[in-house]
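To keep things clear, I will list the structure first and then write my remarks on it.
The values are calculated or read from the model by the stated rules, or taken from the named source; none is laboratory data. Everything quoted here is computed from the prediction, not taken from an experiment. Methodologically, a virtual Cβ is constructed for each residue, glycine included, from the backbone with ideal geometry; neighbour enumeration extends over all protein chains shown. In case anyone asks, the SASA skips ligands and DNA or RNA and just uses the protein heavy atoms, side chains included. Shrake-Rupley method; radii C 1.70, N 1.55, O 1.52, S 1.80 Å.
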Amino acid sequence: MATVHSKIGIIGGGISGIAAAKQLAKYEPIVFEATDCIGGVWKHCSYRSTKLQTPRCDYEFSDFPWTQRDNTTFPTYQEILDYLYSYAQHFDVLKFVKFNSKVVEIKFVGDREMNIFGEYGSLLTGNPVWEVALRTNESETLQWYAFDFLVMCTGKYGDIPNIPNFPQKKGPEVFKGQVLHTLDYSKLDQEACTRLVKGKKVAVVGYKKSAIDLAVECAEANQGPEGQPCTMVVRTLHWTVPHYSIWGLPFYLFYSTRSSQFLHQRPNQGLLRSLLCHMLSPLRRASSKLIESYLEWKLPLEKYGLKPEHPFEEDYASCQMAILPENFFTEADKGKILFKRTSKWWFWEGGVEFEDNTKLEADVVILATGFDGKKKLKAILPDPFRSLVEFPSGMIPLYRGTIHPLIPNMAFVGYLESVSNLHSSEIRCIWLSRLVDDLFKLPSVEKMLEQITQEMEIMKRTTRFYKRNCISTFSINHSDEICEEMGWQFWRKTNWLAEAFSPYNSQDYADAK
């Protein structure tokens with residue numbers, strides 16, 4: 001087949017891919033989606049109890065508000081999928097999507113002469129830079145496409161599970177029960193999920209959001225005297241939050257306003273502000289302690305040995321904070337959810353064994369151990385670019401969370417995290433569309449690398465869990481810099497009081513000002 005040439009290609013039809021397609025619509029991009037529907041992890045890695053971690057008004061596109069945006073309940077994954085489909089249909093984005101189209105290879109066919117410390121050139125040169133090999137469900141024959149510019153929206157989650165390494169002869173192969181990852185569990189219907197865990201001794205490995213939700217589902221399926229408890233195998237504790245209110249105060253006051261983020265370090269802050277930030281550090285610690293005191297009072301963390309030793313701020317700064325299901329500790333009080341703290345564990349034929357030589361009998365072990373997003377990227381990126389998405393810190397080095405300075409004519413959307421990943425993706429897609437339009441120029445490669453290094457250093461100093469691209473403690477400043485680069489006014493509120501003490505969300509960026 002002849003190679004099809006187009007200006008822009010987008011890989012992935014999740015939140016980020018659809019946002020990118022909408023913002024780049026005038027170039028008629030081609031969106032490659034490996035499955036038969038849009039939605040990404042919300043479609044393929046969710047189970048029946050999965051809900052959004054933030055209020056819906058904090059998770060919406062700037063030009064497409066929720067119909068019930070003042071509803072304080074957290075939307076279910078199905079509500080989010082419905083919202084995304086409505087957005088895609090409203091802006092006629094689905095016409096760009098090629099479903100059941102899996103990208104299996106990418107080739108670089110551009111100019112290999114790149115001045116590392118020079119200027120980053122135009123993104124649409126009229127000449128192909130990347131070739132993409134596509135396999136569809138209908139044919140094993142590869143179809144090749146050529147693009148001036150490629151946007152990677154494959155995401156950090158889904159597709160490739162992160163499986164722990166085990167000592168020899170102590171892996172899943174010795175276990176006589178059933179082992180699966182949450183990715184496998186999410187593909188089951190409700191009846192199959194219930195059948196899998198009902199009346200079974202289930203061990204859930206992990207203590208983040210997916211593990212917590214899964215433990216509740218297991219507990220609910222095992223009500224009554226014949227029901228078996230679910231045991232959570234916990235290696236690293238993280239702070240969990242029951243709702244977005246702390247001692248009667250809205251949670252956003254602590255981290256999501258200009259005044260609260262003023263207490264935290266940010267890139268390009270200068271010597272004076274660094275000194276001021278150091279002087280204000282007691283206020284920052286006091287804010288974290290206030291939240292910790294509330295959580296210790298509200299939740300039975302000491303009772304179950306679930307109180308983390310690190311400050312709450314470190315979980316927030318690394319985007320690790322999870323919202324608890326309402327009945328999580330209710331089920332624990334009934335004995336339906338048990339906890340086992342451990343640093344190391346492995347399999348034996350009857351279940352799971354721990355470093356203290358104790359054993360846990362299990363019929364089913366479910367690994368809520370996350371996903372390997374970089375492996376997914378590296379599987380399709382060609383050399384020498386494959387090695388460039390892996391820094392020693394574990395983070396992908398991206399300028400504005402979007403452009404890798406050493407990978408030409410390619411953008412990455414959806415790999416940076418904040419309080420609202422939808423907002424983070426959308427504003428970067430807006431920025432990207434203006435960059436493609438040549439409305440502003442990128443700084444030199446050297447300057448971009450300096451900016452990336454600064455952000456990574458701040459994340460590293462703020463939290464021990466810094467191996468994630470998380471900007472939650474300086475997200476407003478991050479958006480300010482993006483607005484300034486686009487030529488927008490970056491103070492978006494109507495008055496100084498709102499500017500200082502009200503939270504920022506997508507609606508603040510609905511119009512260029």
Worksheet item: Restricting attention to segment 77-182, which GluC sites (Glu not before Pro) occupy a DSSP loop and are surrounded by at most 12 other Cβ atoms within 10 Å?
Response: Glu113, Glu119, Glu138
Worksheet item: So, with +1 on the Cβ of K and R and -1 on the Cβ of D and E, and no other charges, what is the size of the charge dipole of the chain about its Cα centre, to the nearest 20 debye?
Response: 920 debye
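Excluding Lys102 itself, what net charge comes from residues whose Cβ is under 11 Å from its Cβ, given Lys and Arg +1 and Asp and Glu -1? Working shown, then result.
Numbers: positive: Lys98, Arg135; negative: Glu33, Glu105, Asp159.
Summing Lys and Arg as +1 and Asp and Glu as -1 gives -1.
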Worksheet item: Counting pairs of alpha carbon atoms under 8 Å apart in space and at least six apart in sequence, what relative contact order in percent does segment 387-497 give?
Response: 28 percent
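Return the percentage of antiparallel bridges among DSSP beta bridges fully within the chain, rounded to the nearest 5 %.
Details: 27 of 62 bridges.
Roughly 45 percent of the DSSP beta bridges within the chain come out antiparallel.
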Worksheet, complete the sentence: quick shape note, the chain: Cα extents on principal axes in Å, largest first -> 68, 61, 45
Worksheet, complete the sentence: Under the 7 Å Cα-to-Cβ spin-label approximation, Lys307 and Gln454 lie apart by a distance in nanometres of 3.9 nm
Worksheet item: Using a basic spin-label model with each label point 7 Å from the Cα along Cα→Cβ, how many nm lie between Thr125 and Thr330?
Response: 6.1 nm
Worksheet item: Using Cα pairs under 8 angstrom and six or more residues apart, how large is the relative contact order of segment 376-449, in percent?
Response: 20 percent
Practice prompt. At 1.4 Å probe size, with no ligands or nucleic acids counted, give the accessible surface of Met232 in Å², nearest ten.
Written response: 0 Å²
Practice prompt. With label points built 7 Å along Cα→Cβ from the Cα atoms of Lys467 and Leu388, find their separation and express it in nm.
Written response: 2.4 nm
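Normalised by the residues of the chain, what does the relative contact order come to in percent, with Cα pairs under 8 Å and at least six apart?
Relative contact order comes out at 22 percent.
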Discussion item. Could you tell me the calculated FRET efficiency between Asn100 and His5, based on Cβ-Cβ distance and R0 = 25 angstrom, to the nearest 0.05?
Written reply: 0.70
Discussion item. Within 15 Å, Cβ to Cβ, of Ser281, how many net charges do the neighbouring residues add up to if Lys/Arg are +1 and Asp/Glu are -1?
Written reply: +4
Discussion item. Please list, in order along segment 79-90, the HN-Hα scalar couplings obtained from phi with the Karplus expression 6.51 cos²θ - 1.76 cosθ + 1.60 (θ = phi - 60°), rounded to whole Hz, x for Gly and Pro.
Written reply: 4, 5, 4, 4, 5, 5, 5, 4, 4, 5, 6, 4
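Starting from the Cα-Cα distance between Lys447 and Leu290, subtract it from 0.36 nm times their residue separation and give me the gain in nm to one decimal. Walk me through the numbers before you get to the answer.
On the way: separation 157, 0.36 × 157 = 56.52 nm, distance 3.88 nm.
Gain in length upon complete extension: 52.6 nm.
Please go through segment 428-503 and write out the trypsin sites (Lys or Arg not before Pro) that DSSP classes as loop and that have at most 15 other C-beta atoms within 10 Å.
Working: sites: Arg428, Arg434, Lys441, Lys447, Lys460, Arg461, Arg464, Lys467, Arg468, Arg492, Lys493; in loops: Lys441, Arg464, Lys467, Arg468, Arg492, Lys493.
Here the sparse-neighbourhood loop sites are Lys441, Arg464, Lys467, Lys493.
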Response to the item:
Reduced to Cα centres, the span from segment 161-208 to segment 39-109 in Å works out to 27 Å
Worksheet, complete the sentence: Counting as exposed only chymotrypsin sites (Phe, Trp or Tyr not before Pro) in DSSP loop states with no more than 10 other Cβ atoms inside 10 Å, the longest exposed-site-free span of the chain is 248-513
Item to complete: Identify the GluC sites (Glu not before Pro) of segment 387-441 meeting these criteria: DSSP loop state and at most 16 other C-beta atoms within 10 Å of the C-beta.
Response: Glu390
Worksheet item: For the chain, can you list the cysteines whose C-beta has no other cysteine C-beta under 4.7 Å from it?
Response: Cys37, Cys45, Cys57, Cys153, Cys193, Cys277, Cys429, Cys483
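Quantify, in whole percent, the carbon and sulfur part of the accessible surface of the chain (1.4 Å probe; protein heavy atoms only). Please list the in-between numbers first.
Working: 11800 of 22840 Å².
Ligands and nucleic acids excluded, carbon and sulfur give 52 percent.
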Practice prompt. Name the residue farthest towards the positive end of the dipole of the chain from the options Val204, Ile471, Tyr83, assuming +1 on Cβ of Lys and Arg, -1 on Cβ of Asp and Glu, about the Cα centre.
Written response: Val204
Discussion item. List residues of segment 174-197, by number, whose backbone nitrogen lies under 12 Å from a label position 7 Å along Cα→C-beta of Gln223.
Written reply: none
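Given C-alpha coordinates of segment 166-280, what is the ratio Rg to Rh with the Kirkwood estimate of Rh? Intermediate values should be presented prior to the final figure.
Working: Rg = 21.9 Å, Rh = 18.4 Å.
Computed over Cα atoms, the ratio is 1.19.
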Practice prompt. For Leu253 and Gln178, compute 0.36 nm times the residue count separating them, minus their Cα-Cα distance, and round to one decimal in nm.
Written response: 22.5 nm
Worksheet item: List the lysines whose alpha-carbon lies under 26 Å from that of Lys169, not counting same-chain residues fewer than 8 positions away?
Response: Lys200, Lys201, Lys340, Lys344, Lys359, Lys375
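With every protein chain left in place, what is the accessible area per residue of segment 207-282 in square angstrom, probe 1.4 Å? Don't jump to the answer; show the numbers that get you there.
Numbers: 3240 Å² over 76 residues.
Averaged over the residues of segment 207-282, the accessible area is 43 Å².
Compute the accessible area per residue over segment 34-74, keeping the other protein chains in place, probe 1.4 Å, unit Å².
Working: 1930 Å² over 41 residues.
Using a 1.4 Å probe on heavy atoms only, each residue of segment 34-74 averages 47 Å².
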Item to complete: Net charge near Ser502: determine it from the other residues with C-beta under 15 Å of the C-beta of Ser502, scoring Lys and Arg +1 and Asp and Glu -1.
Response: 0
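Working with all protein chains in place, sort His181, His278 by solvent-accessible area computed with a 1.4 Å probe, largest first. Before the final figure, lay out the partial values.
Values: His181 5, His278 130 Å².
Ranking His181, His278 by accessible area, largest first, yields His278, His181.
Counting helices only, and only those DSSP H runs with n ≥ 4, report the 222 nm mean residue ellipticity of the chain as the sum of -39,500 (n - 2.57) divided by its residues, in deg cm²/dmol to the nearest 500.
On the way: 17 runs with 160 residues, N = 513.
Taking each H run of at least 4 residues, the total per residue is -9000 deg cm²/dmol.
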